[in-house]
Amino acid sequence: MKKTPRTENWEERYQIQQTGWDIGYVSTPLKEYIDQLEDKNLKILIPGAGNAYEAEYLWKQGFKNIHVLDIAPSPLRNLAERVPSIPKDHLIEGDFFAHNEVYDLIIEQTFFCAIDPILRAEYAKKCSELLKKGGKLVGLLWSVPLNESHPPYGGCSEEYLEYFEPYFDIHTMEKAHNSIPPRANRELFIRLDRKS
């Protein structure tokens, strides 16, 4: 049987508040990227979004075509309570690998490191399928080795390039200069453009 994100039982983690990845606000590198976006009509997906502070920030900045996907229902309810004006059909409980839509932008924040590394090549392919031609995958990836038996799983740019280069032009994959202090010098900021 193929291992999926569901095998980690993410909902239970929210129920027992075992959410060490949750910093409680939009991370600085993503906030600064969002702040320079001008097209408020972009169709945006945040997969494995958790409490989706990025979505909340985007919404408050006037982006209204935001779609949040998570396998666990609790974080989607949390976002709906914090931002009740987000359309309920934009809060999607489901498996990323089974999702089928087309977006302008996918924002990656702590999802890639949560899935089993055997699914990383499939993640890259799925992102390319979910993006329109020229669409962008933007976010943060760990640039250090972490755990081998449970998330978060780390990695390095050389490994990531193997997954992404078949589907994306690598615009940016470099050490984030504005990570939050606990993650300083441990994150890569990525902007990957879907190949035509």
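The values are calculated or read from the model by the stated rules, or taken from the named source; none is laboratory data. All figures in this text were calculated on a predicted structure; none of them were measured in a lab. When we count neighbours, we look across all protein chains shown, and the Cβ atoms used for this are built from the backbone with ideal geometry, even at glycine.
Among the numbered conditions (1) over 19 Å from Lys43 (Cβ atoms); (2) of a type outside the set (Val, Ile, Thr); (3) touching a helix residue (DSSP H, G or I) at 6+ places or on another chain (Cβ under 8 Å), the only one that Gln109 does not meet is (1). Before we move on, is Leu58 farther than 24 Å from His177 by Cα, in a helix (DSSP H, G or I) and free of Cβ contacts under 8 Å to residues at least 60 places away in the same chain? Criteria not met by Leu58.
Of the set (1) within 26 Å of Leu42 (Cα to Cα); (2) under 16 Å from the mean Cα position of the chain (by Cα), all apply to Asp169 but (2).
Applying the condition of being part of a strand (DSSP E or B) and among the acidic types (Asp, Glu) to region 158-175 and asking which residue is farthest from Leu30 (Cα to Cα) yields Asp169.
So is Ser74 touching a residue at least 40 places away in the same chain (Cβ under 8 Å), under 18 Å from Lys43 (Cβ atoms) and of a type in the set (S, T, N, Q) or not?
On the way: touching a residue at least 40 places away in the same chain (Cβ under 8 Å): yes; under 18 Å from Lys43 (Cβ atoms): no; of a type in the set (S, T, N, Q): yes.
No, not satisfied.
Answer yes or no: is there a residue in region 158-176 that is in contact (Cβ under 8 Å) with a residue 60 or more places away in the chain and under 25 Å from Asp104 (Cα atoms). Among the residues of region 158-176, at least one is in contact (Cβ under 8 Å) with a residue 60 or more places away in the chain and under 25 Å from Asp104 (Cα atoms), which makes the answer yes. On inspection, Ala80 qualifies as over 27 Å from Ser143 (Cβ atoms), at pLDDT 95 or above, touching a helix residue (DSSP H, G or I) at 6+ places or on another chain (Cβ under 9 Å) and part of a helix (DSSP H, G or I).
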